[in-house]
Amino acid sequence: MTSVINIKNLTKSYKKEQVLQSLNWTINQGDIVGLLGRNGAGKSTLLKSVLNINEVDSGSITIFGEDFQHLSSDTKGRIGYVPQENDEIAWLSVKDLISFRKKFYHQWSDEKVAALIERWEINENKTVNELSPGQMQRVLIILALAPMPSLIIFDEPAAALDPAARREFLKEIVLLASDENITVVFSTHIVSDLERVANKVAVLDKGEICYFDDLDNTKENVVQLTIQHQGDFHLEVPNLLRSRNTHHTLNCVVSALDTQWVDAMVAQDIKVEVTPMNLEDIFLELTS
């Protein structure tokens, strides 16, 4: 597979607080990646570092094979970005903002812009500071999609959207996902949004990508085990995340189900019950 983003040993600190710690991560072409992390975990810092908005302390990042600090104009034109906060010029009208941003790109789809403006009922004559947070978030999404980028990075894109607008946004992501040449990375705290559109899930915790796998594998492998036993009981459980031992029951969560180990336990007449977990519970376990 062709890597689009390749991060090696990325470290970033704010004052004395280390936010990213020797972080390694590779995202391949066609991946639709949902980035999960608790508040303050550093999701925005990571995405801004990738885009060279934040300075980093050490480490290397390549995007489409180019150093992130020296991207060519063609490569920059292939990247769309929706920030969590709005820093557009307040007195510009939506129409003028779109016209202004268009000048910076070799490729721009007026048809895509017009379709989204109509579908999301954006008043192009309003100025930026006249828009509600949800309307402004829609405009930022339109600006990111208009150049028809190959890589799109969304930082909490649905945070300011109402449920109807979120559905429309996710529908747009699904349409993008139908083109395997498009790579999408989006941070979110809304687990249900990730489940609807992502094919991979990444978890940022304690400055590192502590988990990264296909969404289907995640749901299949991160499970709860209930092990029945008698009296004193000492057992090493592979890939253990958490355990709680009562008098006759060991309850535990594993990051990857080892079916051979389960079969070996059953062969020893040890009862092992495997219970699937929803993604929200998995996320909480991975970051506890």
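The values are calculated or read from the model by the stated rules, or taken from the named source; none is laboratory data. The shown structure was predicted, so the numbers you read here are calculated from the model rather than taken from an experiment. Counting neighbours? That spans all protein chains shown, and the Cβs are built from the backbone with ideal geometry, glycine included. Side chains included, ligands, DNA and RNA excluded: accessible areas come from the protein's heavy atoms. Shrake-Rupley method; radii C 1.70, N 1.55, O 1.52, S 1.80 Å.
Reported count of residues in the range 179-200, each being closer than 25 Å to Ile63 by Cα and either surrounded by 18 or more Cβ atoms within 10 Å (Cβ to Cβ) or at pLDDT 90 or above (or both), is 12.
If I filter the range 82-99 down to residues being open to solvent by 40 Å² or more (accessible area, probe 1.4 Å) and at pLDDT 95 or above, which single residue comes out as nearest to Ala158 (Cα to Cα)? Can you show your working first?
Step one: filter the range 82-99 for residues open to solvent by 40 Å² or more (accessible area, probe 1.4 Å), giving 84-91, 95-96, 99.
Restricting the remaining residues to those that are at pLDDT 95 or above gives 95-96, 99.
Values: Lys95: 22, Asp96: 24, Ser99: 24 Å.
In this case the residue turns out to be Lys95.
Going through (1) outside any loop (DSSP other than H, G, I, E, B); (2) without any contact (Cβ under 8 Å) to a residue 60 or more places away in the chain one by one, Ala202 falls short only on (2).
Scanning the range 208-229 for residues being in contact (Cβ under 8 Å) with a residue 24 or more places away in the chain and either farther than 20 Å from Ser288 by Cα or open to solvent by 70 Å² or more (accessible area, probe 1.4 Å) (or both) gives a total of 6.
Hey, can you tell me all the residues within the range 145-157 that are among the hydrophobic types (A, V, I, L, M, F, W, C) and in contact with a Phe, Trp or Tyr (Cβ under 6 Å, 6 or more places away or on another chain)?
Taking the range 145-157 first, the residues among the hydrophobic types (A, V, I, L, M, F, W, C) are 145-146, 148, 151-154.
Of everything in the range 145-157, those that are among the hydrophobic types (A, V, I, L, M, F, W, C) and in contact with a Phe, Trp or Tyr (Cβ under 6 Å, 6 or more places away or on another chain) turn out to be Ala146, Ile153, Phe154.
Screening Ala165, Ala158 for residues that are touching a residue at least 24 places away in the same chain (Cβ under 8 Å) and either outside any helix (DSSP H, G or I) or within 26 Å of Val50 (Cα to Cα) (or both) leaves exactly one candidate, Ala158.
Can you name the residue in the range 230-277 that is touching a residue at least 40 places away in the same chain (Cβ under 8 Å) and not in a strand (DSSP E or B) and is also surrounded by the most Cβ atoms within 10 Å (Cβ to Cβ) among such residues? It would help to see each step written out before you state the result.
At the first step, the residues of the range 230-277 found to be touching a residue at least 40 places away in the same chain (Cβ under 8 Å) are 241-242, 255, 270-277.
Those left that are additionally not in a strand (DSSP E or B): 255, 270-271, 277.
On the way: Ser255: 19, Ile270: 16, Lys271: 11, Met277: 16.
For the range 230-277, the residue satisfying everything is Ser255.
From the list Glu156, Glu121, which residue is in contact with a helix residue (DSSP H, G or I) (Cβ under 9 Å, 6 or more places away or on another chain), within 25 Å of Thr45 (Cβ to Cβ) and at pLDDT below 95? Break it down into steps so the answer makes sense when it comes.
Working: Glu121 fails: within 25 Å of Thr45 (Cβ to Cβ).
Exactly one residue qualifies, and that residue is Glu156.
Taking strands (runs of 3 or more DSSP E) as the structural unit, those lying wholly within the range 4-80 and holding at least 3 residues that are open to solvent by 20 Å² or more (accessible area, probe 1.4 Å) and in contact with a strand residue (DSSP E or B) (Cβ under 8 Å, 6 or more places away or on another chain) correspond to 17-28, 58-63.
When the criteria are applied in full, Ala115 meets the requirement of being closer than 19 Å to Val174 by Cβ and either part of a strand (DSSP E or B) or small (Gly, Ala, Ser) (or both). Scanning the range 215-226 for residues that are closer than 22 Å to Asn39 by Cβ and not hydrophobic (A, V, I, L, M, F, W, C) turns up at least one hit.
Considering only the range 118-139, state which residues are assigned to a helix (DSSP H, G or I) and either open to solvent by less than 20 Å² (accessible area, probe 1.4 Å) or among the aromatic types (Phe, Trp, Tyr) (or both). Walk me through it before giving the result.
Taking the range 118-139 first, the residues assigned to a helix (DSSP H, G or I) are 118-119, 128-130, 133-139.
Once the filter is applied, which keeps residues that are assigned to a helix (DSSP H, G or I) and either open to solvent by less than 20 Å² (accessible area, probe 1.4 Å) or among the aromatic types (Phe, Trp, Tyr) (or both), the range 118-139 yields Val128, Gly134, Met136, Gln137, Val139.
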